[in-house]
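As structure tokens, the structure follows; a few thoughts come after it.
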Amino acid sequence: MNNFLEYIEKSFENMKETESLYLYKQKLIAKMTERANELVAAGLKDDKIICAIIMDEYPDLVKNYKASMKEKATVSKKTKTGSLMTVGALGGIFGAVCLYLAVSFLTGAWNKSWMLLLGGIFAVLVLIFVTVSGKLTKKSGKFGLISRILCMFAVFLIAVYMFLFTTVIVPVSGNWIIFILSVPFAMIFDMLLSYKFNKKTGIFSILLYIPVIFTLFYVVLGVAKVLPWHPGWLLILFGILVDFVVVAVRLVSGTKVKEEEDAWSED
Amino acid sequence: MERRLNAELWDKMHYLFRDFNDRMVHLELHYDYEINFEAFRTVLICFFEKAPVFHSSFVDNKVRPYWEVKPYDIDDAITLKNIDDSEVEREVDSFLTQYIPPESDLQMKVGVFYHGGKTTLCFVENHMCMDGGDFKYFISAFCKNYNDYVEHGILPLNFKEGSRSYESVYGDFTPAQKKMARNLYKNVCAKDDHKFPLTEDRAEDKSFIARRKISEDDFFALKQIGKKYGATLNDVLVAAYFDALYKLASYDPDDSVTISCAIDLRRHIKDSSEQGITNHTAFMQCRIPRLGDDIIETLKYVVNSANLFKKDKFMGLYGLPLLRFGYKILPHAVSEEIIKIGYSNPLLAMSNIGILDHKALALEGHEPTDGFMTGAVKYKPYVLLSATSMKNVITLSMCVRGNDDDKRIVERFFDLYEESVCKLKNS
């Protein structure tokens, strides 16, 4: 026990005693004592060895202390950011409610003003989805399944709002196309992000999405009478052709690696 | 607070091997004096503390398995007995053939048997913790630390620590090599139906370890033969294995047979002193097209087959990316089932563990008088022939869960093996 105390005091002798340092030292003493008890329970009788093992596990107390302080600061910053986001989200919804009530009472257009409230809620949700997705991607370094689903939800929420807007506020006929269009847009969004973050598997998303995206564009353009159904269907073939080009490009870059490998094997 | 260790790829693979063997690695050492038990016990605790996987329980989590570090009492890991000389064989066999469940709190058991002023040490450990390569390091480091502690009072804490990840094998590659090695997606499983002719499973089957020594004279003779034909000692031992096996199992001499030989992947690591104890073992398939007309021709087939592997700079690294991929993309329970479909355990295998350095294993100036290390007890019809050498004497061993008939078959195999060694010597 005395050895630990000496070790701890000696390690921090050049540091000014502060409350946080004092608490850190107390925590260390408790941890080291617990560890010593574990070693005694395991059957170790030699005090010197017990101390050596424990000190070995805490080789640089000052560095650990600084890291712990830094971590505390980061956690506190994260907590602050989280709190700000929660307050921001609640504030956004509250603002939307206020705006909705104000506009409704002033204009009496209750049948349309609810779009303001919905817009506020949707905007907050989209912001939350995108932020959480970004944080998860940053943390893991990969655009994972949850991040992808959240991003897609964000796109679909925007599409739902656009559909409602073009139904309630500015009626547009054939606005149901927005739902079909939201799928290729969600796919393009997902494809670009997944290729950016998931270099190896991103290619599979591209190959899968391209023909679907072209097919959906064909349907949308056909319905909107921008493109005739015939020979508009060639757009689908074009999508498949793009897939082949992507594969060819990938193979060519793969061959370069193979050549490098062969050259290396010849050593 | 609960402490967890990551279950590495090889930990999971050896766990998967539970259907084929008992996953125990065994070591037996004999000394001509009574060791200092208290010092021995102290060094063992220090090593357990340095490598907490030895006092961890494997948790078969269906999504992501892990090791949970457990509190322990070292006396639960050590069996100390004073016995008569006549009891040594029985006690050692009984100790060595024990099984440590992976969910047990301790993954290594040690037997210290005092008999007639001598000591026999037995170690049994879970292969999921480390392979023969690191077990050899473990025992050498153990003896060194023991000596330093007993003779000079140096604290016995000189034991390597670090990552247990299989990825260490890529550590010394250049970025381009690393990229290539990580893309070696290949199923390298043995595909050969030739079996060692053991009996069918019976209720009375139990684990046994059969051993046979190859004398110092024969050891040098085999080395000479190897030199003459450009073969390693391992090649020579494998050739004798083939020769004996064809006879024992009455294979058609024109049949092609494959024996999987363990290879130490540490060959790719320049300095493993910064790595933790772990498994770095893969298999190479040694395939001969037919039994040679004489044993030298068989040896030449073995050399040709082995050279194919030895020329490859990525020797033994094929298949690792596939396993990693399998374990990474799916939850453990699912990936295990899928890997089981693609993995076929070799029916015939050989592990040349290599030299047990008697000087490094000396305790207080007493070199071990005898000793050997051997792999897991295989379940029929799988077999593994292990070979270690000490003071130029080779010990061949085979651990089988079988009955008395199987024991006789294995002994017959060793007789034939000796005949093959004689043929090699006389050729």
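The values are calculated or read from the model by the stated rules, or taken from the named source; none is laboratory data. Small disclaimer: the values here were computed from a predicted structure and weren't measured. No Cβ is skipped: glycine too gets one built from the backbone with ideal geometry, and neighbour counts run over all protein chains shown. Areas reflect the complete protein model, heavy atoms only, side chains present, ligands, DNA and RNA absent. Shrake-Rupley method; radii C 1.70, N 1.55, O 1.52, S 1.80 Å.
Given the residues B:I277, B:I263, B:I259, which is the only one that is open to solvent by less than 20 Å² (accessible area, probe 1.4 Å), in a strand (DSSP E or B) and more than 18 Å from B:Y417 (Cα to Cα)? Talk me through it step by step, then tell me what you get.
Numbers: B:I277 fails: in a strand (DSSP E or B); B:I259 fails: more than 18 Å from B:Y417 (Cα to Cα).
Answer to the selection: B:I263.
Only one of (1) surrounded by 13 or more Cβ atoms within 10 Å (Cβ to Cβ); (2) free of Cβ contacts under 8 Å to residues at least 60 places away in the same chain; (3) closer than 30 Å to B:S389 by Cα; (4) charged (D, E, K, R) fails for B:K228. Which number is that?
Result: B:K228 fails condition (1) only.
Just checking, does region A:201-211 include any residue being open to solvent by 30 Å² or more (accessible area, probe 1.4 Å) and not in a helix (DSSP H, G or I)?
Scanning region A:201-211 turns up at least one residue that is open to solvent by 30 Å² or more (accessible area, probe 1.4 Å) and not in a helix (DSSP H, G or I).
Would region B:171-187 turn up any residue that is open to solvent by less than 40 Å² (accessible area, probe 1.4 Å), within 14 Å of chain A (Cβ to nearest Cβ), assigned to a helix (DSSP H, G or I) and touching an Asp or Glu at 6+ places or on another chain (Cβ under 7 Å)?
In the first step, residues of region B:171-187 are kept if they are open to solvent by less than 40 Å² (accessible area, probe 1.4 Å); the result is B:173, B:176-177, B:180-181, B:184.
Right, trim to within 14 Å of chain A (Cβ to nearest Cβ) and you get B:173, B:176-177, B:180-181, B:184.
Now narrow it down to the ones that are assigned to a helix (DSSP H, G or I): B:176-177, B:180-181.
Among the residues that remain, those that are also touching an Asp or Glu at 6+ places or on another chain (Cβ under 7 Å) are: B:176, B:180.
There is at least one residue in region B:171-187 that is open to solvent by less than 40 Å² (accessible area, probe 1.4 Å), within 14 Å of chain A (Cβ to nearest Cβ), assigned to a helix (DSSP H, G or I) and touching an Asp or Glu at 6+ places or on another chain (Cβ under 7 Å).
Just the residues that are surrounded by 14 or more Cβ atoms within 10 Å (Cβ to Cβ) and assigned to a helix (DSSP H, G or I), please, taken from region A:11-28.
If we filter region A:11-28 for residues that are surrounded by 14 or more Cβ atoms within 10 Å (Cβ to Cβ), which is where we start, we get A:11-12, A:21, A:24-25, A:28.
A:S11, A:L21, A:Y24, A:K25, A:L28 - these are the residues of region A:11-28 that are surrounded by 14 or more Cβ atoms within 10 Å (Cβ to Cβ) and assigned to a helix (DSSP H, G or I).
Any idea which residue in region B:151-169 is nearest to the other protein chains (Cβ to nearest Cβ), counting only those that are in a helix (DSSP H, G or I) and touching a Leu at 6+ places or on another chain (Cβ under 8 Å)? Even if it seems obvious, please write down each step before you answer.
Filtering region B:151-169 down to residues in a helix (DSSP H, G or I) leaves B:151-152, B:166-169.
Okay, now just the ones that are also touching a Leu at 6+ places or on another chain (Cβ under 8 Å), so B:166, B:169.
Details: B:Y166: 19, B:V169: 17 Å.
Result: B:V169.
Given the criteria under 25 Å from B:F123 (Cα atoms), open to solvent by less than 10 Å² (accessible area, probe 1.4 Å) and touching a residue at least 12 places away in the same chain (Cβ under 8 Å), does B:A360 qualify? Steps first, please.
Values: under 25 Å from B:F123 (Cα atoms): yes; open to solvent by less than 10 Å² (accessible area, probe 1.4 Å): no; touching a residue at least 12 places away in the same chain (Cβ under 8 Å): yes.
No; evaluated as a whole, the condition is false for this residue.
May I ask you to list the residues in region A:148-169 that are of a type in the set (A, V, I, L, M) and under 21 Å from A:Y209 (Cβ atoms)? Spell out how you get there, then give the answer.
Here is the first cut: in region A:148-169, the residues of a type in the set (A, V, I, L, M) are A:149-150, A:152, A:154-155, A:157-160, A:162, A:164, A:168-169.
Within region A:148-169, A:I149, A:L150, A:M152, A:A154, A:V155, A:L157, A:I158, A:A159 meet the criteria.
From the list B:D148, B:D134, exactly one residue is within 28 Å of B:Q107 (Cβ to Cβ), free of Cβ contacts under 8 Å to residues at least 40 places away in the same chain and either assigned to a helix (DSSP H, G or I) or within 14 Å of chain A (Cβ to nearest Cβ) (or both). Which is it?
None of the other options fit; the residue is B:D148.
Of everything in region A:46-74, what is open to solvent by less than 60 Å² (accessible area, probe 1.4 Å), touching a helix residue (DSSP H, G or I) at 6+ places or on another chain (Cβ under 8 Å) and more than 9 Å from chain B (Cβ to nearest Cβ)? Give them in sequence order.
Correct list: A:I50, A:C51, A:I54, A:M55, A:Y58, A:L61, A:V62, A:Y65, A:S68, A:M69.
Here are B:K378, B:K328: which of them is open to solvent by less than 20 Å² (accessible area, probe 1.4 Å) and charged (D, E, K, R)? Don't jump to the end; show me each part of the working.
On the way: B:K328 fails: open to solvent by less than 20 Å² (accessible area, probe 1.4 Å).
Step by step, each of B:K378, B:K328 is checked, and only B:K378 is open to solvent by less than 20 Å² (accessible area, probe 1.4 Å) and charged (D, E, K, R).
Can you find, within region B:52-76, the residue that is nearest to the other protein chains (Cβ to nearest Cβ) among those that are open to solvent by less than 10 Å² (accessible area, probe 1.4 Å) and in contact with a Gly (Cβ under 9 Å, 6 or more places away or on another chain)?
In this case the residue turns out to be B:I74.
Go through (1) in a helix (DSSP H, G or I); (2) among the hydrophobic types (A, V, I, L, M, F, W, C); (3) within 27 Å of B:S389 (Cα to Cα) one by one and return the number of the condition B:L317 breaks.
(1)
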